[in-house]
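Read the structure below first, then the notes.
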Amino acid sequence: MRNFIISIRGGRPLAGSVAVAGAKNAALPELAAVCLTPEALELANVPQVEDIRVMAAALRALGAEGQGEDALPDGPRGHRLRLAMPQLRAPLVTPEIARTTRASVLLLGPMLARCGEARVSMPGGCPIGERKIDFHLLGLQRMGAEIRAEGEYLVARCRRLRGIDFSFPGKTVTGTENLLMAAALAEGTTVLRNCAREPEVADLAALLVAMGADVEPDGEETWVVRGREALHGARHRVIPDRIEAGTYLIAGCFAGNDVRVEGAEPAHLGSLLEILAAMDADVEVGAGAFRARGGRRLRPAAVVTEPYPGFPTDLQAQLTTLFTQADGVSRVRETIFNDRFRHVGELNRLGAAIEVRGDEALVRGPARLHGAVLRTTDLRASAALVLGGLAAAGETRIENAYQLFRGYEDMPGKLQALGAEIAIEEE
Ligand code: EPZ
């Protein structure tokens, strides 16, 4: 894996508009849905990020073919991706794929549903804490799959999945998505309860319906799926990435900045807008766009990460960086992952004053940030460190920065367009 260093000369005001790409966390399950039919899926507004490239490569290894256009999003047609899986040759997810993105677990349900077998390399531990998949496996076992560990692989087999009435023991985004896809081809009706309510789940459901699946919501946390014998090809446009939009909206709240975020869905960011209002940040919400201007004294606030529609854990690190500029003590409680404060040590090297106590971080502000050499560990921490570097006086260098490209389409380019002095060099 090529690696990069991002260097930033901070303290320059950001001004202008930034367009939001398609949601990585909607496109990933929607790519996995290619396994559910021999016909082509055509996805528009697919973000050009590493996790998508890895998932597309995994699908090609399973037998998927790009038809006509180049099958990767950065092909000649940019953000449009067209893939078909005429037959699913080898239902295997290798360690290389599983190590690069945990989202490869999303292939488990579709492979089982399509050909009754799946071998998935156990996704290694990842930098934001233990990432269990026991809820995924419990649901698939209840649907009739026999699942056992063989070395570093998880092997799942079943003649045909059958519909169940299943309540998730806890909220899981990819677990909900895995079982929605498995149920679409199962025998009989499946009722999934206590499902994740993230917008990306509903976007996947919309694609499944376009493919001929019988999927409908029953309230906010329950889906009813009547299994079909087969699904057909479809075209679908991926929803905008609310986490990318929230990241740039937060960037606009730093002193001296004035950023318009376009192509986002305000309804998906209610919890962030509430926190920014509590901080007295200068944010305007328009149709499909936001505008944030720094310059007001920011009040401290308290945030707890929760499943949607609560405050998203994927914006926790970025908000923590903004909290370093608030006038007082802010509190951050991370309840989704057990190790998602890796950015705190790095932010403190920039001059922040953050103290972690268990699942809570106390952020004392305002802190005058100065440049430093940092090393990032995960995708969203990378974004938090970039925001810190933009606010810091002097030069900040962020090592291991390939992480940023896993989930943000051309962030350095988008920030340069806003006036940032930011460059990338190979490590
Ligand atoms: C999805 O991960 C997202 N990834 C994550 O975004 C996001 O942080 C997370 O949801 C929470 O919103 C994709 O959609 C590809 P979970 P996922 O299953 O599905 C526990 C990013 O930066 N759990 O909702 O893997 C789990 O340990 C990424 O874009 C179980 O115990 O998360 C965690 O504590 C990072 N057993 C919590 O639930 C299970 O079987 C939420 O996990 C599944 C989950």
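The values are calculated or read from the model by the stated rules, or taken from the named source; none is laboratory data. Given the structure is predicted, the values throughout are model-derived calculations rather than measurements. Please note: Cβ atoms are built from the backbone with ideal geometry, for glycine as well, and neighbour counts cover all protein chains shown.
Of the residues that sit in region 301-315 and are within 16 Å of the ligand (Cβ to nearest atom) and aliphatic (A, V, I, L, M), which one is nearest to R12 (Cα to Cα)? Explain how you work it out, then say what you get.
Start the filter on region 301-315 by keeping residues that are within 16 Å of the ligand (Cβ to nearest atom), which leaves 303-315.
From the residues that got through so far, the ones that are aliphatic (A, V, I, L, M) too are 303-304, 315.
Working: V303: 28, V304: 31, L315: 23 Å.
Step by step, filter region 301-315, then rank; the result is L315.
Filter region 1-45 for residues that are part of a loop (DSSP other than H, G, I, E, B) and within 14 Å of the ligand (Cβ to nearest atom); which is nearest to R293 (Cα to Cα)? Step by step, filter region 1-45, then rank; the result is A21. When you scan region 331-339, do you find a residue that is of a type in the set (F, W, Y), surrounded by 22 or more Cβ atoms within 10 Å (Cβ to Cβ) and within 16 Å of the ligand (Cβ to nearest atom), even just one? Checked region 331-339: no residue is of a type in the set (F, W, Y), surrounded by 22 or more Cβ atoms within 10 Å (Cβ to Cβ) and within 16 Å of the ligand (Cβ to nearest atom).
Mind checking which residues of region 407-427 are crowded, with 21+ Cβ neighbours inside 10 Å and not in a helix (DSSP H, G or I)?
Here is the first cut: in region 407-427, the ones crowded, with 21+ Cβ neighbours inside 10 Å are 407-409, 411, 414-415, 418, 420, 422.
Correct list: Y408, E409, L418, A420, I422.
When you check A183 against the structure, is it exposed (fewer than 15 other Cβ atoms within 10 Å of the Cβ), more than 14 Å from the ligand (Cβ to nearest atom) and not basic (K, R), yes or no? Even if it seems obvious, please write down each step before you answer.
Details: exposed (fewer than 15 other Cβ atoms within 10 Å of the Cβ): no; more than 14 Å from the ligand (Cβ to nearest atom): yes; not basic (K, R): yes.
It is false that A183 is exposed (fewer than 15 other Cβ atoms within 10 Å of the Cβ), more than 14 Å from the ligand (Cβ to nearest atom) and not basic (K, R).
Check R60, R53, R12 and return the single one that is in contact with an Asp or Glu (Cβ under 7 Å, 6 or more places away or on another chain), over 22 Å from D214 (Cβ atoms) and charged (D, E, K, R). One residue alone meets the criteria, R12. Please go through region 152-180 and pick out each residue that is away from the ligand (no atom under 16 Å from the Cβ) and among the hydroxyl-bearing types (S, T, Y). The answer is Y153, and nothing else. The criterion of being surrounded by 24 or more Cβ atoms within 10 Å (Cβ to Cβ), out of contact with any Phe, Trp or Tyr (no Cβ under 7 Å at 6 or more places or on another chain) and either more than 23 Å from L298 (Cβ to Cβ) or among the β-branched types (V, I, T) (or both) does not hold for G389. Of everything listed in (1) touching a residue at least 40 places away in the same chain (Cβ under 8 Å); (2) of a type in the set (A, V, I, L, M, F, W, C); (3) outside any helix (DSSP H, G or I), the single unmet condition for I336 is (1).
Has region 113-125 got any residue that is under 23 Å from G227 (Cα atoms), modelled with pLDDT of 95 or more and either within 14 Å of the ligand (Cβ to nearest atom) or aromatic (F, W, Y) (or both)? Looking through region 113-125, none of the residues is under 23 Å from G227 (Cα atoms), modelled with pLDDT of 95 or more and either within 14 Å of the ligand (Cβ to nearest atom) or aromatic (F, W, Y) (or both). Considering the conditions (1) at pLDDT 95 or above; (2) buried (at least 19 other Cβ atoms within 10 Å of the Cβ), L404 is excluded by exactly one of them, (1). For V20, the conditions (1) modelled with pLDDT of 95 or more; (2) among the aliphatic types (A, V, I, L, M); (3) surrounded by fewer than 22 Cβ atoms within 10 Å (Cβ to Cβ) all hold with the exception of (3). May I ask you to verify whether R162 is surrounded by fewer than 18 Cβ atoms within 10 Å (Cβ to Cβ) and over 29 Å from F311 (Cα atoms)? Criteria met by R162. Quick one: in region 273-288, of everything that is assigned to a helix (DSSP H, G or I) and of a type in the set (A, V, I, L, M, F, W, C), which residue is surrounded by the most Cβ atoms within 10 Å (Cβ to Cβ)? Of everything passing the filter in region 273-288, L276 is surrounded by the most Cβ atoms within 10 Å (Cβ to Cβ). Which pairs do you get when a residue that is more than 22 Å from F323 (Cβ to Cβ), found in region 391-411, comes within reach of a residue that is aromatic (F, W, Y), reach meaning Cβ atoms under 7 angstrom, with the pair 6+ apart or on two chains? The qualifying pairs are A401/F4; Y402/F4.
To keep it simple, each residue is scored yes or no on (1) within 16 Å of the ligand (Cβ to nearest atom); (2) in a loop (DSSP other than H, G, I, E, B); (3) of a type outside the set (V, I, T).
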| residue | (1), (2), (3) |
| --- | --- |
| F290 | no, no, yes |
| R299 | no, yes, yes |
| A317 | yes, no, yes |
| N348 | no, no, yes |
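Here Q87 fits the description: under 21 Å from L36 (Cα atoms), at pLDDT below 95 and either more than 20 Å from the chain's Cα centre (by Cα) or assigned to a loop (DSSP other than H, G, I, E, B) (or both). Report, by residue number, each residue of region 90-112 that is of a type in the set (V, I, T) and within 21 Å of the chain's Cα centre (by Cα). V93, I97, T100, T101, V105, listed by residue number. For region 282-290, the criterion of being in contact with a strand residue (DSSP E or B) (Cβ under 6 Å, 6 or more places away or on another chain), hydrophobic (A, V, I, L, M, F, W, C), closer than 17 Å to G22 by Cβ and modelled with pLDDT under 95 is met by at least one residue.
For the structure I just gave you, tell me whether V332 is modelled with pLDDT of 95 or more and closer than 29 Å to A202 by Cα. Steps first, answer last, please.
Numbers: modelled with pLDDT of 95 or more: yes; closer than 29 Å to A202 by Cα: yes.
So V332 passes the test.
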